[in-house]
Amino acid sequence: MAESGSTNPKSQSVVPDSALGGLKRDLRNYEDGDDTNNFSIKKSRTTTIENTSQGCKKIVPLDVKPLAIVEPDTPKLSRQFWKAGDDDEAAPVPLYCSNDAAVRVHPQFLHANATSHKWALGALAELLDNSLDEVSNGATYVHVDSTTNKRDGKSSILIVEDNGGGMNPSTFRECLSLGYSRKRNLANRVGQYGNGFKTSTMRLGADAIVFSRCRGINGNNPTQSIGMLSYTFLYETRKCEAIVPTIDYEWVDNKWKEIVYNSTEEWVDNLETIVRWSPYLSQQDLLDQFNHLEEQGTRIVIYNLWEDDEGKLELDFDTDPHDIQLRGVNRDEKNIEMAKTYPNSRHFLTYRHSLRSYASILYLKRPDNFRIILRGKDVEYHSILDDMMMTDEKTYKPTRSPEWPDQDEMVASLKLGFVKDAHHHIDIQGFNVYHKNRLIKPFWRVWNAAGSDGRGVIGILEANFIQPAHNKQGFERTVVLSKLENRLIQHQKNYWSSRCHEIGYAPRRKQKNYESSVTETTRPFNNINVVKASSSTPAPAPFRPNVESSGRYQSTQVETRERSYDIKPQIGSTIGNHGLGTSSFKETGSVNLEAELQRVKQESAKLVSELKREKALLELQLEESKAKIRNLEKAQREKELLELQLKESKARIQNLENRQEGVSTIFQQERARRDVTEDGLRRKLRDASDVIDGLRKQVETFKGKRML
């Protein structure tokens, strides 16, 4: 692929600022009307994207006139993401641009394509992936930040910037196009579909503008490019195809010169469209953005960020000055408070709403020389292994399949253990599953057991043999994934049942405990199977329900399940203890089977009675626990009310202080003005006194002359 530095000088043109006015007038003379869309548009000059002789893509022509003023009745794009795809019935988007047979991409596809991201932080992670992939081109950092939109002076914009290799004009257009990717089947590369940039930016905001600078390589000159992917522009101007205005510059003779492919008019048209619909007010404002990139890099600016149903930004920039968080259903205040109490479970409790928490575990290994900076502060790398104790390591090797090209990757090392906060019996569990170093399934809960089974068990593995979904928030549902899920469930069950007593849970009996201690004979006797006790098996102790009295508070539901017993093994053991084996029956002949069965029934009734008493006791404890919880909730509500009153009092005090400060400022200003006025009056008084003295001297002189 040829770099833009090999451009033919004849195809270049320098557009001085003094010539822009004349070009604008000429372009306006070129316009004609179009009654279909009820506003003026230009005739299209090109309908396809072709390679130029210099190896660069031709810029897609624009249908919008320069600095077009949107009419008051032009439909406005909804600021809520899930409603932005709805068309305005009063002014529907045209279905076809013309009667030709060209295949185009409709603007609404940009929004529909972005709906693959249900979770906004997953979209942000796509942009971090692109920056991490640039490590091979010299990237040492990616900085995610926010600032204020210059155009309106109040709305927030999101910035993602790295110092990677940047993009020349050709690769820049591939980035802004759908489906182009040079990362497929490359080792140590996260991206592969060529769709992440478009879906992620459109999921976070309605519009994005990209600045990329590429240093000259292979003897080519350095280049820099600007491109705008604006759903607002396409929607509100009622475009019938996706248009991405793009302009390029090349470093020639120690200055940046415009690269013109088709015509100067088209270049100016692209520039004016970008200035009209971007957060920047002039061409110089656009060029100033490259000052952040130094020699190379890419700067993505996302604006017109999506809002929630309450009209607030979906991204929360206010709660933490060094974090970007989510509002709404992903935010759980109870989990946030728990994270302060249980630091080793912090990432499980906060990754759904905190980008800082999610980014710290996003990669299994992070290059030592690469930094993720979030709003001016580094994101510290964190390994889930540091949160685990009693760790076991397993090797998972699924059945070899001829469909998988690299059989060596069909192996995964699984590490699982208890989270260090597990002895508190909080519901933390799941597996972090990575693919090619990238976290795909965070804390994947595979075992949904009733009660407390499985609590506290977390694990980590890298499964490169499973294909991730396009949004990198899950895996494709395949047979390989199903087998992995079943194996993870089995490992978690085995680990939990064998070690749960070490963190304070009641020991679990193995599922085959009774079957291994007795053997069954299938010879029926009066429709009853007689059970013969093994000669090597000691008689089990009689059943005694045990109510723990250690004083440690546990969930009543957990205690009930842990102290539930299976009556059938007890009945079998009782029969064995009373000599109701087949050999005993044959030898003595005096044993009355009906009496034995009656005795078993009586003991069973006793067991049921004891279980009922225990159930009543547990229900009483449950009521007491509910009462305590209600008291705690009441205290929490009172605390929140007091905090709200305190906050309101502080606000009132602050308001009074501001008013007092304002009054003090006004008083000082009045005093200063009074002092100035007094000084002026004193000067006038002195001047008047001097005048009077002069007049007196003149009068005395005049009198002296008269006397003479």
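Table for the structure above
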quantity	calculated
Sum of side-chain charges, S689 neighbourhood, beta-carbon under 15 Å (Lys, Arg +1; Asp, Glu -1)	+3
Kirkwood Rh, Cα atoms: Rg over Rh of the stretch 648-708	1.63
nm² value of the averaged projected area, convex hull over the Cα atoms of the stretch 362-464	9.1
Inter-probe distance in nm under a simple model that places probes 7 Å from Cα toward Cβ, at M390 and D687	9.5
Debye intensity ratio I(q)/I(0), log10, the stretch 430-509, q values 0.11, 0.12, 0.26, 0.27 Å⁻¹ (C-alpha model)	-0.32, -0.38, -1.24, -1.31
Two-site label geometry, Y141 and K154: point separation in nm, points 7 Å out along Cα→Cβ	3.3
Nearest-10 value in Å² for the accessible area of T171, using the 1.4 Å probe	30
Projected-area mean, the stretch 298-362, by convex hull of Cα positions, square nanometres	5.5
The stretch 409-465: C-alpha pair distances exceeding 20 Å, %	28
Charge dipole magnitude, Cβ of K and R +1, D and E -1 - the stretch 261-405, Cα centre, debye nearest 20	840
Amide H partners (placed H, <5 Å) of E462, local residues excluded	S413, Y434
Calculated FRET efficiency for the pair E678/S649, C-beta based, R₀ 41 Å, to 0.05	0.45
Residue-count net charge about K312 - beta-carbon cut-off 13 Å; Lys, Arg +1, Asp, Glu -1	-4
Pairs from K626/K650; K615/K639; K154/K334; K394/K493; K436/K493; K239/K312 whose Cα-Cα separation, in the structure shown, is over 25 Å	K626/K650; K615/K639; K154/K334; K436/K493; K239/K312
Residue-span extension gain [K615 to E640] - 0.36 nm each, minus C-alpha spacing	5.4 nm
Kirkwood estimate for the stretch 277-390, i.e. one over the average of 1/r between Cα atoms, Å	16.9
Spin-label zone in the stretch 320-343 - amide nitrogen under 17 Å from a point set 7 Å from the Cα of E633 along the C-beta vector	333-335
Within the accessible area of the stretch 290-448 (1.4 Å probe), percent carbon and sulfur	45
Volume in Å³ per residue [convex hull over Cα atoms, computed for the stretch 246-335]	165
Whole-Hz couplings from phi, Karplus 6.51/-1.76/1.60, listed for the stretch 212-227; x for Gly and Pro	9, 10, 10, 6, x, 10, 6, x, 8, 7, x, 9, 9, 9, 10, x
Per-pair calculated FRET efficiency, R0 = 25 Å: E310 and E657 via Cβ, rounded to 0.05	0.25
Solvent exposure, largest accessible area first (probe 1.4 Å, DNA, RNA and ligands not counted), of W256, W277	W256, W277
Debye intensity ratio in log₁₀ form over the Cα atoms of the stretch 626-671, taken at each q of 0.13, 0.20, 0.21 Å⁻¹	-0.50, -0.70, -0.72
Accessible area (Å², 1.4 Å probe, nearest 10) - R352	90
Net charge over other residues, Cβ less than 10 angstrom from the Cβ of V260 (K, R count +1; D, E count -1)	-3
Whole-number percent relative contact order across the stretch 281-371, with pairs defined as alpha carbons under 8 Å at least 6 apart	16
Sites D318 and E295, calculated FRET efficiency, Cβ-Cβ separation with R0 41 Å, nearest 0.05	0.75
Nearest-20 debye value, the stretch 433-497 charge dipole, Cβ charges on Lys, Arg, Asp, Glu	100
Euclidean distance of C-alpha centroids, the stretch 267-334 and the stretch 469-499, integer Å	38
Solvent-accessible area of H424 with every protein chain in place, 1.4 Å probe, in Å² to the nearest 10	90
Contour minus Cα-Cα distance for A449 and V699 (0.36 nm per residue)	78.3 nm
Evaluated over the stretch 205-244, the Cα radius of gyration and Dmax, each in Å	14.6, 43
Karplus-derived HN-Hα couplings along the stretch 197-211 (A = 6.51, B = -1.76, C = 1.60, θ = phi - 60°), whole Hz, x at Gly and Pro	4, 5, 5, 6, 5, 6, 6, 8, x, 6, 9, 8, 10, 10, 10
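The values are calculated or read from the model by the stated rules, or taken from the named source; none is laboratory data. What you see is a predicted model; the values in this text were computed from it and never measured. Ideal geometry is used to build each Cβ from the backbone, glycine not excepted, and the neighbour counts take in all protein chains shown. Ligands, DNA and RNA are excluded from the accessible area calculation, which covers all protein heavy atoms including side chains. Shrake-Rupley method; radii C 1.70, N 1.55, O 1.52, S 1.80 Å.
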